[in-house]
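**Q** Provided herewith is a single structure, encoded as structure tokens, for subsequent inquiry.
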Amino acid sequence: MTALAHNLEKQTLVTLRTITEPHPGSLDTYVKLGGYAQLKRIVTEKVKATDIITQIKLSNLRGRGGAGFPTGLKWSFMPRYYDGTKYLVCNTDEGEPGTFKDRDIIRYNPHQLIEGMAIAAYTLGARVGYNYIHGEIWEDYEIFEAALAEARAAGYIGENLFGSNFSFDLHAVHGYGAYICGEETALIESIEGKKGQPRFKPPFPASFGVFGKPTNVNNTESYASIPWIMQHGGEAFQNLGVYNSGGTKLFSVSGHVVNPGNYEVRMGTPFTELLEMAGGIWKGRELKAVIPGGPSTAVMPAKNILGATLDYDGLSKAGSSLGAGSMIVMDDSTCMVKALKRLSYFFFEESCGQCTPCREGTGWLYRVIKRISEGQGRMEDLDLLTDVSSNISGRTICALGDAAATPVLSFVKHFRPEFEYYIQHGRSMVENRE
Amino acid sequence: MLNIEIDGKAVEVDHGTTIIDAADQLGIDIPRFCYHKKLSVAANCRMCLVQVEKFNKPLPACATPVADGMKIYTRSKSAVEAQKSVMEFLLINHPLDCPICDQGGECDLQDIAVAYGAPKSRYTEEKRVVLNKNIGPLVSTDMTRCIQCTRCVRFLKEVGGMMELGLVGRGEHAEITAYVDKSVNSELSGNIIDLCPVGALTSKPFRYTARSWELTRRPSIAPHDGLGSHIEVHVKDGKVLRVLPREKESINECWLSDRDRFSYEGLNSPDRLKVPMIKHNGAWQETDWKTALEFAAGQLKDITNQYGGEALGVLVSPNSTMEEGFLAKQIAKGLGSQNIDYRLRQTDFRLDGKRLGTPWMGCNIPDLEQFDRILIIGSNLRNEHPLLSQRIRKAVANGAELNIISPLDNNPLMAVKHKVVVRPNDMVNVLAQVLKAMSGLQRLSLCLPPSLNALLEEINVRANTQAIAESLAGLGESYDLVSPKTAIFVGNLALNDPRFTEMFSLAEAISGLCGATLGLIPAGSNNTGQHMMGVMPGPQGMHVRAMLEIPRKAYLLVNVEPELDCHNGAAARKAMQQAECVIALTMYKSEALDDADILLPIAPFTETSGTLMSMEGRVQSFSAVTKPLGECRPGWKVLRVLGNTLGIAGFDYDSSEDVKKAIFGGEKPSAVVWRSLNNNLKELVEIEVNIKSDGLQRIGEVPMYQIDPIVRRSPPLQKTKYNRKPMAMMHAQQMLTLGLVAGDQVLVRQGEGSAVLEVRQDDHVALGCVRVQAANPLTASLGELMGDITVEKIAANVAVTA
């Protein structure tokens, strides 16, 4: 529980509501806190699917995987009357640097995820579900398998649940650590046993998903929010947050703070409050910049983020986006050139190689930044970086291209003088300043 | 229909049309690499990005279906910017080694780079290098040039039927590769050379021999199978340097089989006969045409005068042109002989005189894609008809059910619904079961010969044959087709079998009961044409088997290597050895013709004009693409002058066109063809139902790259894995029964002939059979292709003289 131990009283626990209990991940704990009651109520009372979707829409729950697409709207895309198997997929392919929230949901509250998925399956008419777990968090895969066994034994998933004719089988699937498999269509390909490469869209998963069947894909945190919404109502969830951003959000705070870890707070919480919960900047240093939602979101200089609130609109107004809520906090000792080099290397390594701009462009960006960091930069490199990034952006099959371009564009935009200094002097502006 | 506008031009297109198809219709050129009209859409190269009104991002034209009222701009600022940026990305890691690249001059990347590339690269970093792969003797790889468009991957998977190449690795490390240590073995592999938009996959035999702009391109027709594929022969300095497909949607689409593509290498073989030769006291001597022809004519006259016309036998290759076949027949007739035949590998001629017309494929080539139910009897499809099997693969992909009855269980690389793999002898019984089951299903019975009726009474329909009948009748697992489009094709393994008559008659009866299209799909490029012209024995004449078994005094061979091209190699050799005179019109001087007396060098298809008729009855003429080598002359000319020298009337043809006119009696060829083609039999054929033979039966399959003298001499084709040393191949269970293990040396005997072969396990062979390939000098001493055979183990280290 180390990652969560700080300032629990200041957090608003929804997806991690079991965390304060002695055995947070167990079925008993979850049931004691009212777990699986909603699933049972919905199934036995035969609650109408449209009523559930209405509540989700009212809750203003938006996709927690990073794109922020309204969950209720996504659910309404699934074909209602379809003669054949429909699938439900949970995306726990959490692989972006700085993102570590979904693994804690599985570790400390897996049954809430299972219940959320079962409610979704009931609502969408899906018979089979898969939870695709990132290959580099193997422990979570095992924990989830154990939780599934518990739930199966207790009759929360399986055939004819609660004596009804609703059946739902849920399986854990693990990847092998490819970041691209977090892209929903690549994830689907991977589930099918193929190489994880995004599909060209349309068609979207709602019409052509796993094995060509209608499929609903949501993030772990999104599914885990469902039971709470069904218990308290959509409006109550909306009221936890602010306009256009309902509920709470798990922020994975990492970097130069005293207490890095996951913090579940209400949407709309000021950044400064979250920073305080995390113990503030370490070693008494100053805040320099924050990447608020994972490397695929734009970096924000301290002055831009300090006044911002943590919700979709708040961060968008401040010039970035909420993403998956992966706060990477950087103090004033951070060399932005080297930070960008590391991020570019990640996208260079993780591009799937399918389409041209991303396959070729990510390598180009990385090599130029690497060259700058080795003191071989040229002034025109900065315009080249911007240009190459813009040429990748919006021209690829999936969003990885844009994700790779965003850090480069935002780093160069906000910290240009630091890059120019590095090029002129062949060394960092902030390191070895003596 | 949808109304859209591209670059201001309005066009009406069907629902589901993509932007790139609509633009192609309008003649608006959108650059592309990964898109290919015959392959699935990958949308990975991003070169075809265009601007679409109301969309803030450029969209790939290949993957975007049009919507009504859509306005598309392919040359707007945003479209061109996107296209240029993709071009830049494609070039940064490309080696730009055009000066040493075979693709130079016919390279999509080069061409499109001229239009969309920058004069100078902004990329100053190190370029990526990718290791080359050895994927076999036909396709050369330079993988650093690859742009990962995956056309080759998609072709082999979707058209070839097996994903022999794949894109492995991520990001910049993504590379096209075959399975570890494996080559690409598709019989259609050469097409990936054409598909590759860069110089990553090029032709290995053609490599570094010429620049594309130095080549003269001339149209021709492929002469190795009955499809009649359109080809383009590329010539430099009078030498054929490569062959490419010429697009013909209704025949070969834009593809070509490896056999048709790489056989040309056999044209430049050192075996080529360049001058006429006469054997004098057992030694070959070069001579001139006049001497050779006069000598040949004198011999023919002397022998026919002395022993009568029936002393002459004329064997014509099924690959010979119609003109050659026609003139050979005229010569036989002029010399009073009715002994002429082109069916060299056939052994059962009981249907002669009982056919209503010329047997043919029974439908047109594109129809193959439309069938719902197909039965193939005795054919190793991919081997015999590579592109035809590709069409059937499309039908199967669309849901057709393919059923197979064959002595060989070779994988056709498509889903097979039901198959029965039995000894050739037992195929008759299996077909009779299908007939009986069909008769029950359709509640119909045919007027059948008594022998067959008796057989039908006696036999029990087994589950697997019942299933085939049900499939052909349209019954299905999830739904039944009331009126399925059904076809039954009889292949080469059946055609060469001693019980062909039974098989064909039963196939005809089954097709009659279920309303199926019936077709014969023989090997050879001009089978149908030779049959239509009647290059077959007259009423008093002898068919090829009789001519070899009851030896003639003289033989005239047109493009035939007797012991390799005939049904019974041993008999053929013997017949040639005992003949007083063998005159061979041939392209090659070879051991197979050592028993000849006169060799007359004739031109292969690239050096002569002529006409071939395909299995679907298409009459196609072609011209010479280059001058004959040395003293070679077109076959029709040699036969014409031989006719003149013999003093036979009516040999006054000035051109092959004249001969063609004579063949068709001045009518348009299609009119004659229309009247001639018919697969039905005139009368009920009494069939032999009681052939019972418990011994081992040989399956004398002719390997894909051994079928005719040209392909036998193409080094690259001979280097493929399809060219194996002949072995005695048997099912594992059969080996167990005979007490053999793989690697054993066995003495195989057929009649008086024998050969020593190594045993190899091949579970594709029906029980009770030994697969021993034909058309190979090592097995030429054996007897009939599909005859009885015995196998004896030879004790190790005992020398055997076979």
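The values are calculated or read from the model by the stated rules, or taken from the named source; none is laboratory data. For clarity, every value in this text was computed on a predicted model and none was experimentally measured. Here the Cβ is made from the backbone with ideal geometry for all residues, glycine too, and neighbour counts use every protein chain on show. What goes into the accessible areas is simple: the full protein's heavy atoms, side chains included, and nothing from ligands, DNA or RNA. Shrake-Rupley method; radii C 1.70, N 1.55, O 1.52, S 1.80 Å.
**Q** Does region B:365-520 come out rounded, prolate or oblate, given a ≥ b ≥ c as the square roots of the eigenvalues of its C-alpha gyration tensor, rounded meaning a/c under 1.5 and, failing that, prolate meaning a/b above b/c? All intermediate terms of the calculation are to be shown ahead of the outcome.
**A** Numbers: a/c = 1.74, a/b = 1.23, b/c = 1.42.
It comes out oblate by the Cα gyration axes.
**Q** Mind checking the full-extension length gain between B:N268 and B:N680? Use 0.36 nm per residue of separation minus the Cα-Cα distance, one decimal, nm. Walk me through the numbers on the way to the answer.
**A** Numbers: separation 412, 0.36 × 412 = 148.32 nm, distance 4.25 nm.
So the extension gain works out to 144.1 nm.
**Q** Another question, then. Using the Cα gyration tensor of the protein assembly as shown, with a ≥ b ≥ c the square roots of its eigenvalues, what is the shape: rounded (a/c below 1.5), prolate (a/b larger than b/c) or oblate (neither)? Each step should come with its number before you reach the end.
**A** Working: a/c = 2.74, a/b = 1.95, b/c = 1.40.
In terms of gyration-tensor shape, prolate.
**Q** Of B:K627, A:K370, which has the most accessible area and how do the rest follow, probe 1.4 Å?
**A** On the way: B:K627 165, A:K370 70 Å².
Order by accessible area, largest first: B:K627, A:K370.
**Q** Separate question: Quick check for you: which residues of region A:50-70 have the amide N under 16 Å from the point 7 Å beyond the Cα of A:S164 toward its beta carbon?
**A** A:50-56
**Q** Please state the Cα pair-distance histogram of region B:125-266 with 10 angstrom bins from zero: what percent is in each bin?
**A** It works out to 11, 40, 33, 13, 2, 0, in whole percents.
**Q** What is the extension gain from B:K182 to B:E158, computed as 0.36 nm multiplied by their sequence separation minus the C-alpha to C-alpha distance, in nm to one decimal?
**A** Details: separation 24, 0.36 × 24 = 8.64 nm, distance 1.92 nm.
Length gained, B:K182 through B:E158: 6.7 nm.
**Q** Follow-up question, since we're still on this one. Please give the residues of region B:482-525, grouped as numeric ranges, whose backbone N is less than 18 Å from a label point set 7 Å along the Cα-to-Cβ vector of B:R443.
**A** B:482-484, B:513-515
**Q** Using DSSP to define loop residues, name the chymotrypsin sites (Phe, Trp or Tyr not before Pro) in region A:37-90 whose beta-carbon has at most 15 other beta-carbon atoms within 10 Å.
**A** The qualifying sites are A:Y81, A:Y82.
**Q** Count, for each residue of A:362-373, the Cβ atoms from other chains sitting within 10 Å of its Cβ, then give me the mean as a whole number.
**A** Working: counts 2, 10, 9, 0, 2, 6, 3, 0, 1, 2, 0, 0.
Neighbouring Cβ atoms belonging to other protein chains average 3 per residue here.
**Q** So, one more: Could you check what % of the DSSP bridge pairs in chain B are antiparallel, to the nearest 5?
**A** 55 percent
**Q** Another question about this same structure. Using just the Cα positions, wrap chain B in a convex hull and report its mean projected area in square nanometres, one decimal place. It would help to have the intermediate numbers written out before the result.
**A** Values: hull surface 152.8 nm².
Spelled out: convex hull of the Cα atoms, projected over all directions, averaged, 38.2 nm².
**Q** How many Å³ per residue does the convex hull of the Cα positions in chain A occupy? Could you put the intermediate results ahead of the total?
**A** Working: hull volume 55.2 nm³, N = 434.
Per residue, the Cα convex hull of chain A comes to 127 Å³.
**Q** Also, I was wondering about something else. Distance from the Cα centre of region B:420-462 to that of region B:188-258, in angstrom?
**A** Each part reduced to its Cα centre gives a spacing of 46 Å.
**Q** Now for a separate question. Past 22 Å, Cα to Cα: identify those pairs from B:K354/B:K661; A:K201/B:K127; B:K84/B:K127, in the order given. Before the final figure, lay out each step's value.
**A** Values: B:K354/B:K661 28 Å; A:K201/B:K127 31 Å; B:K84/B:K127 20 Å.
Over 22 Å apart, Cα to Cα: B:K354/B:K661; A:K201/B:K127.
**Q** Just the accessible area for B:K419, please: 1.4 Å probe, Å², rounded to the nearest 10?
**A** For B:K419, solvent-accessible area is about 110 Å².
**Q** So for B:E458, B:E784, what's the accessible-area order with a 1.4 Å probe, most first? Spell out each step's value before the answer.
**A** Values: B:E458 130, B:E784 55 Å².
Heavy-atom accessible area, descending, gives B:E458, B:E784.
**Q** List the aspartates and glutamates whose Cα sits under 12 Å from the Cα of A:K40, skipping any in the same chain fewer than 8 residues away.
**A** Those aspartates and glutamates meeting the cut-off are A:E115.
**Q** Show me the helices of chain B, taken as full DSSP H stretches, that run 20 Å or more along their long axis by Cα and average 0.5 or above in Kyte-Doolittle hydropathy. Let's see the in-between values first.
**A** Values: long enough: B:77-92 (22 Å, 0.56); B:289-307 (26 Å, -0.47); B:424-442 (27 Å, 0.38); B:500-514 (21 Å, 1.07).
Helices meeting the span and hydropathy rule in chain B are B:77-92, B:500-514.
**Q** Determine the percent antiparallel among the DSSP beta bridges restricted to chain A, to the nearest 5.
**A** On the way: 18 of 39 bridges.
Percentage antiparallel, nearest 5: 45.
**Q** Once you put a point 7 Å from the Cα of B:H764 and another 7 Å from the Cα of A:K303, both along the Cβ direction, what distance in nm separates them?
**A** Modelled inter-label distance: 7.5 nm.
**Q** Would you list which aspartates and glutamates come within 13 Å of A:K101, measuring only between C-alpha atoms, while excluding same-chain residues fewer than 8 positions from it?
**A** Correct list for A:K101: A:D93, A:D140, A:E221, A:E264.
**Q** Would you compute, for the Cα atoms of region B:267-336, the largest minus smallest coordinate along each principal axis and list the three values in descending order, in whole Å?
**A** On the principal axes, region B:267-336 reaches 37, 32, 20 Å in Cα extent.
**Q** How about region B:189-285: which trypsin sites (Lys or Arg not before Pro) there are in a DSSP loop, with at most 15 other Cβ atoms within 10 Å of their Cβ? Intermediate values should be presented prior to the final figure.
**A** Working: sites: B:R207, B:R211, B:R217, B:K236, B:K239, B:R242, B:R246, B:K248, B:R259, B:R261, B:R272, B:K274, B:K279; in loops: B:R207, B:R211, B:R246, B:K274.
Of the trypsin sites (Lys or Arg not before Pro), the ones in loops of region B:189-285 whose Cβ has at most 15 other Cβ atoms within 10 Å are B:R207, B:R211, B:K274.
**Q** Extending each Cα 7 Å along its Cβ direction at B:S478 and B:E214, get the distance between those two points in nm, one decimal.
**A** The answer from the label model is 5.7 nm.
**Q** So, one more: Heavy atoms only, probe 1.4 angstrom, no DNA, RNA or ligands counted: give me B:K333, B:K793, B:K354 ranked by accessible area, highest first. Intermediate results must be reported in sequence, preceding the final value.
**A** Values: B:K333 150, B:K793 120, B:K354 60 Å².
Heavy-atom accessible area, descending, gives B:K333, B:K793, B:K354.
**Q** Any idea how far the Cα center of region B:748-780 sits from the one of region A:174-248, in Å?
**A** Here the answer is 61 Å between Cα centres.
**Q** I'd like the FRET efficiency for B:I550 and B:D352, computed as 1/(1 + (r/R0)^6) with the beta carbon distance as r and R0 of 25 Å, rounded to 0.05. Before the final figure, lay out the partial values.
**A** Values: r = 17 Å, r/R0 = 0.66.
The value I calculate is 0.90.
**Q** In nm, to one decimal, how far is the modelled label at B:N3 from the one at B:D29, with both set 7 Å along Cα→Cβ?
**A** 3.1 nm
**Q** Quick one: plug the Kirkwood hydrodynamic radius of region B:678-736 (C-alpha pairs) into Stokes-Einstein at 37 °C, 0.692 mPa s, and report D in µm²/s. Don't skip to the end; give the middle numbers.
**A** Working: Rh = 15.9 Å.
This corresponds to a translational diffusion coefficient of 207 µm²/s.
**Q** Further, regarding this structure: Could you work out how far the C-alpha centroid of region B:386-404 sits from that of region A:399-431, in angstrom?
**A** Here the two parts' Cα centres lie 57 Å apart.
**Q** What FRET efficiency comes out for the pair A:R342/A:K283, r = Cβ-Cβ distance, R0 = 22 Å, nearest 0.05? Mind showing how you got there, number by number?
**A** On the way: r = 21 Å, r/R0 = 0.93.
The pair A:R342/A:K283 has a calculated efficiency of 0.60.
**Q** Calculate, for A:R416 and B:V114, the FRET efficiency according to 1/(1 + (r/R0)^6) with r their C-beta to C-beta distance and R0 35 Å; round to the nearest 0.05. Write down the numbers at each step before the final one.
**A** Values: r = 36 Å, r/R0 = 1.04.
E between A:R416 and B:V114, to the nearest 0.05, is 0.45.
**Q** Here's something else I'd like to know. At a 1.4 Å probe, what is the % contribution of carbon and sulfur to the accessible area of the protein assembly as shown? Show your work: numbers first, answer last.
**A** Numbers: 23400 of 46450 Å².
Using a 1.4 Å probe with all protein chains present, the protein assembly as shown comes out at 50 percent carbon and sulfur.
**Q** Once you sort the root eigenvalues of the Cα gyration tensor of region A:8-240 as a ≥ b ≥ c, which label holds: rounded (a/c under 1.5), prolate (a/b larger than b/c) or oblate (the other case)?
**A** On the way: a/c = 1.34, a/b = 1.11, b/c = 1.20.
Note, shape of region A:8-240 comes out rounded.
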